[in-house]
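The structure appears right after this line, and notes come after that.
The values are calculated or read from the model by the stated rules, or taken from the named source; none is laboratory data. The shown structure was predicted, so the numbers you read here are calculated from the model rather than taken from an experiment. Backbone-built Cβ (ideal geometry, glycine too); neighbour counts: all protein chains shown.
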Amino acid sequence: MTTSRTPPIQTKLPAVGTTIFTVMSALAAEKGAVNLGQGFPDFNCDPRLVQAVTDAMTRGLNQYPPMTGVPALREAVAAKIEAMYGHSYDAGTDITITAGATQAIITAVLAVVRPGDEVIVLEPCYDSYVPNIELAGGTVVRVPLVPGTFRPDFDKIAAALTPSTRAIIVNSPHNPGATVWTREEMLKLQDLLASTDVLLISDEVYEHMVFDGQAHQSAARFPGLAARAFIVSSFGKTYHVTGWKVGYVAAPAPLTTEFRKVHQFNVFTVNTPVQYGLAAYMADPQPYLQLPAFYQRKRDLFREGLKRTKFEILPSEGSYFQCVDISRVSDLGEADFCQWLTREIGVAAIPLSAFYGNGFDQRVVRFCFAKMDETLNTALERLAKL
């Protein structure tokens, strides 16, 4: 008699379970809480963008596009980067359209990291970085950003560099810390890497969300960084369509050649009508040029409301996140506080400890303000009880 049995497997990611974002979103739904935890908008994108994609579908642009991406979209990306950051990328050899920024990052890691290579991550960091490195067989080297300010500590970064260092992943504007690297900090990074063969994976998905008159310091602005960098960005973040999962990578041709070798086998290409729609929509730069003001108004509305609480409001220089110190509100640790806040107050947040490998708890939690004003005001009314 034959019995059914699933053969055992040894997990490649033993430390990975259900993410905190899934846990908190499920709890928020269960409790009817306002979900300021997971980082996505609850409002619609520009109807013109939907129409542009609809027009592409109607025109029959529904079959495979080129593996590297629709030429018109790659050309629009190259033109945008040159206009904003002064660096010229060749749309044919240097720009690749990806199935979102997360796919872009793992593809870059798989393209260049081999077993035994070390990759520096700056904690707290987005939760895909470490598993990506581990799947490539690399060794994760965790370097903390300065607690409280989330600024880079260049002495610690320098100390982490070894002959085995293959790459460093940098994220600005920063998730979850909402900091923006300055020109001086980018120049320090450029000087630090100048004598090495270390590659840079620059996660710039919040590039158009920089506040208070600051300029986003893309790695593309710095020739010494651009020459060694995979620069990653996200149409989903920029145009309020996170579910479309479309992003891009800009990198010098030798790096792009290796990137595309992996890209063609882990996703091959990205859905065609959305690419054509995005290309048409990008003819008008105003939507991304106006994004800083759009999100700064939401940030300011949210911060003003938080003044009615006992939270210590930390700076939010960029991204669509706001961190607060909970020390004057509760004696609970971050994770327990977020559970309590969701259940008892009706607002979901994310503990920063979830972004550290060792669960470092500094009594700070993160809110997302990429929400309708009505959503933010409802959350603020509930938080005012604190």
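Does region 59-76 contain at least one residue that is of a type in the set (D, E, K, R), under 16 Å from Asn271 (Cα atoms) and modelled with pLDDT of 95 or more?
yes
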Report, by residue number, each residue of region 55-69 that is within 21 Å of Thr107 (Cβ to Cβ) and either loosely packed, with under 14 Cβ neighbours inside 10 Å or more than 23 Å from the chain's Cα centre (by Cα) (or both).
Tyr64, Pro65, Pro66, Met67
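Does Gly37 satisfy the criteria of being more than 30 Å from Ala227 (Cα to Cα), in contact (Cβ under 8 Å) with a residue 40 or more places away in the chain, outside any helix (DSSP H, G or I) and small (Gly, Ala, Ser)? Before you say what the answer is, go through the steps one by one.
Values: more than 30 Å from Ala227 (Cα to Cα): yes; in contact (Cβ under 8 Å) with a residue 40 or more places away in the chain: yes; outside any helix (DSSP H, G or I): yes; small (Gly, Ala, Ser): yes.
Criteria met by Gly37.
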If Val232 passes every condition in (1) surrounded by 20 or more Cβ atoms within 10 Å (Cβ to Cβ); (2) over 12 Å from the mean Cα position of the chain (by Cα); (3) of a type outside the set (Asp, Glu) but one, which one does it miss?
(2)
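Going by the conditions given, is Leu122 in contact (Cβ under 8 Å) with a residue 24 or more places away in the chain, surrounded by 21 or more Cβ atoms within 10 Å (Cβ to Cβ), in contact with a Leu (Cβ under 6 Å, 6 or more places away or on another chain) and outside any helix (DSSP H, G or I)?
Values: in contact (Cβ under 8 Å) with a residue 24 or more places away in the chain: yes; surrounded by 21 or more Cβ atoms within 10 Å (Cβ to Cβ): yes; in contact with a Leu (Cβ under 6 Å, 6 or more places away or on another chain): yes; outside any helix (DSSP H, G or I): yes.
Criteria met by Leu122.
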Residue by residue through region 128-164, note down the ones that are on the phi > 0 side of the Ramachandran plot and either in a strand (DSSP E or B) or at pLDDT below 95 (or both).
Gly148
Test set (1) among the aliphatic types (A, V, I, L, M); (2) assigned to a loop (DSSP other than H, G, I, E, B); (3) touching a residue at least 60 places away in the same chain (Cβ under 8 Å) - Ala78 fails condition number
(2)
Before we move on, is Ile120 more than 24 Å from Phe265 (Cβ to Cβ) and hydrophobic (A, V, I, L, M, F, W, C)?
yes
Say we look at region 315-338 and pick out the residues that are surrounded by fewer than 20 Cβ atoms within 10 Å (Cβ to Cβ) and under 24 Å from the mean Cα position of the chain (by Cα); which of these is farthest from Gly359 (Cα to Cα)?
Pro315
Exactly one of these conditions fails for Ala283: (1) closer than 30 Å to Thr58 by Cβ; (2) in contact (Cβ under 8 Å) with a residue 40 or more places away in the chain; (3) part of a helix (DSSP H, G or I). Give me its number.
(3)
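Against the condition charged (D, E, K, R), in a helix (DSSP H, G or I) and under 17 Å from Ile95 (Cα atoms), how does Lys298 come out, does it pass? If you could, list the steps in order and put the result at the bottom.
Details: charged (D, E, K, R): yes; in a helix (DSSP H, G or I): yes; under 17 Å from Ile95 (Cα atoms): no.
When the stated conditions are applied, Lys298 does not pass them.
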Give me a count of the residues in region 81-101 that are within 25 Å of Ser128 (Cβ to Cβ) and surrounded by fewer than 20 Cβ atoms within 10 Å (Cβ to Cβ).
1
For region 1-40, which positions are of a type in the set (Ser, Thr, Tyr), loosely packed, with under 10 Cβ neighbours inside 10 Å and either under 24 Å from the mean Cα position of the chain (by Cα) or within 22 Å of Thr375 (Cβ to Cβ) (or both)?
Thr18
Return a yes/no flag: does region 356-368 have any residue that is touching a residue at least 24 places away in the same chain (Cβ under 8 Å), within 30 Å of Ile133 (Cβ to Cβ) and of a type in the set (Ser, Thr, Tyr).
yes
